[in-house]
Each structure stands twice: as structure tokens, then as C-alpha cells.
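Here's the structure, in C-alpha cells; my notes come after.
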Amino acid sequence: MLVVISAVGSIITAAVGIPRLLRGLPVSSIGAAVLAAGIHNSAFLPVPLMLILYGDAGPAALYSAIINMVIVLVVPVIVGVYSETAGKGNIARRVTSSIARFPPFYALVAGAMLRTLLADNNTLVSVLGHVGRVAAESTLTSFYLVGAVLATAGLAVDRPTLVIAVWRLLVEPLLAIAASIVLGLEGIWLAGALIEACMPPATMNIVFAITYGLDEKLVARAIGFTMPLSIVVSLLIRLFVVAP
């Protein structure tokens, strides 16, 4: 429920509001801004932050697992609307084409099938677990892409970057606060919800932007600008949210 209200709410509001705020910019930049504002870093940064600040990464790990399933459905939609590589035709056809070319979608389907078929085969489950670990570790190379793109793009603070920062540091945190009140979250779960909500754009957004012809330089600038601010906000959360 928290992910639905906070993360999905951020994606929806970004999809509605950002095209209006950035009217006149290239479609590739608007799509990149929606992607960066709506899909945040849910594991690489919040997991170690939760460990350092609270000694428990459980809430961040659970949040990340859920949001990754949301990403599988959301990214092809954004790509279908804004990417020039999504093909021709109406939006429904473009989104369908994006889903058909989106590897994580097939990973989700395969994972669901394997979980059902191999539930009693502990050996294969163990092997697949190790394969999954290797695949997960390989995503760390996205950090290199952020640095490489920033080296050419520069760390400029322009209007699109500020709009993304507003979503990452204001819009979603407000949604998370509202969700936490409604759901009665407290302690470590409240801290996890708030820290997740103020995280910078996901580094994998760089991969999506490069793959589908969106503005990867804007995504890199947004990550570089918001990440230090996200860490500061997380430290402030630790001062005000006490967990037993």
C-alpha cells in the first residue's frame, strides 16, 4: 500500500505534471524527466543508508522488491509514449512494442513461472539464486554509466533538473508522509518509507535512457544534483524518526 500511494503516486503525478512544466523541450528530454522523477533509487543507496542509520535494511529491501515489479510495467509505458525508437502508430501500439522489447518484462514472467514449477526443487532453486545474485551484482556497472555521462554532460542545474529534484525531494516525500499517516507506520517502517521517498533517480534510468533514445545527460545531471541532497535529508530523518 505504501508503494502504491508513494511511488506509484509519484510516477503518475510526474507523468501528468512534468510534460506541462517542461513544455517546449524535446520529447526525449520530457520522457527522461518523467523517468527520472518517477523512478528512484530503491536499493543501491537506501539499503546502506538504512543499515548505517538504523541497523536494519529490511524495509528498504522489501520496498525495492516491490518497486522493481512496478518498474517492469511502468518503463515500457514511458518509453512507448516518449521514445522515438518505440515504433510508429498510436500509443497503445507503441507501448505494446516497448513491452515486447523490454527484457525485465520477460524476467518477471520467467521468475513467476519458475517459482511455481521449481518450488520443490531445492537444487535448481539454489543454482538460480546464485545466477540471480551475479545478475544483480552486474547492475552496479550502471554507476560507471552515470559517471561517464556526467563527464560529458557536466553538472549543470537547469530547469529540467530542478523539476526532477522537486519530485524527488518534495512531491514523493509528501505522498509518503500522507501514506504513512493513513497506514499508521512508525519506527523503522516510517523511516524506511521516508528515506525511500527522498532518494535520487535510479541509476538504471541511465540504461533505459541510452537504450531507448531518451535524454541520458538530463538523467545523469539529475542524479548528480539530487544524490547529495538525498543523503542530507536522510540524515535529518534519522534525527526526527526514532526506531527502537
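The values are calculated or read from the model by the stated rules, or taken from the named source; none is laboratory data. Quick caveat, the model's predicted, so the values are computed rather than measured. Reconstructed Cβ throughout: ideal geometry from the backbone, glycine too, with neighbour counts over all protein chains shown. When the accessible area is computed, the model is the full protein with side chains, heavy atoms only, and any ligands, DNA or RNA have been set aside. Shrake-Rupley method; radii C 1.70, N 1.55, O 1.52, S 1.80 Å.
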*Which one of these does ILE181 not meet: (1) out of contact with any strand residue (DSSP E or B) (no Cβ under 8 Å at 6 or more places or on another chain); (2) on the phi < 0 side of the Ramachandran plot; (3) open to solvent by less than 80 Å² (accessible area, probe 1.4 Å)?*
(3)
*Those residues that are aromatic (Phe, Trp, Tyr) and either closer than 24 Å to TYR212 by Cα or in contact with a Cys (Cβ under 8 Å, 6 or more places away or on another chain) (or both), I need them from region 18-72; list them, please.*
PHE44
_Take the conditions at pLDDT 90 or above, open to solvent by 10 Å² or more (accessible area, probe 1.4 Å) and either closer than 18 Å to SER64 by Cα or not polar (S, T, N, Q) (or both) and apply them to VAL207. Does it pass?_
no
*Test: ILE99 is open to solvent by less than 60 Å² (accessible area, probe 1.4 Å), touching a strand residue (DSSP E or B) at 6+ places or on another chain (Cβ under 9 Å) and assigned to a helix (DSSP H, G or I)*: no
*asked:* Quick check on region 122-142. Is at least one of its residues modelled with pLDDT of 80 or more, surrounded by 12 or more Cβ atoms within 10 Å (Cβ to Cβ) and under 30 Å from ALA197 (Cβ atoms)?
replied: no
_Any residue in region 1-13 that is outside any helix (DSSP H, G or I) sitting within a Cβ distance under 9 Å of a residue that is of a type outside the set (Val, Ile, Thr)? List the pairs, counting only those 6 or more apart or interchain._
MET1/ALA179; MET1/LEU183
*Pairs where the first residue, in region 226-244, is closer than 19 Å to ILE181 by Cβ and the second is surrounded by fewer than 18 Cβ atoms within 10 Å (Cβ to Cβ) and charged (D, E, K, R), C-beta under 8 Å, 6+ apart*: ALA243/ASP56
*Select from region 210-220 the residues that are crowded, with 24+ Cβ neighbours inside 10 Å and assigned to a helix (DSSP H, G or I) and write down the one among them that is modelled with the lowest pLDDT.*
TYR212
*asked:* Being open to solvent by 10 Å² or more (accessible area, probe 1.4 Å), in contact (Cβ under 8 Å) with a residue 24 or more places away in the chain, assigned to a helix (DSSP H, G or I) and over 23 Å from PRO228 (Cα atoms) is the requirement here; does PRO19 meet it?
replied: no
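Let's see how each residue does on (1) within 19 Å of the chain's Cα centre (by Cα); (2) of a type outside the set (S, T, N, Q); (3) farther than 27 Å from LEU169 by Cβ:
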residue	(1), (2), (3)
LEU22	no, yes, no
ILE91	no, yes, yes
SER97	no, no, yes
PHE102	yes, yes, yes
LEU108	yes, yes, yes
*Output yes when any residue across region 31-43 is open to solvent by 20 Å² or more (accessible area, probe 1.4 Å), outside any helix (DSSP H, G or I) and polar (S, T, N, Q), and no when none is.*
no
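Would it be correct to say that VAL109 is surrounded by 15 or more Cβ atoms within 10 Å (Cβ to Cβ), at pLDDT below 95 and part of a helix (DSSP H, G or I)?
Details: surrounded by 15 or more Cβ atoms within 10 Å (Cβ to Cβ): no; at pLDDT below 95: yes; part of a helix (DSSP H, G or I): yes.
No, not satisfied.
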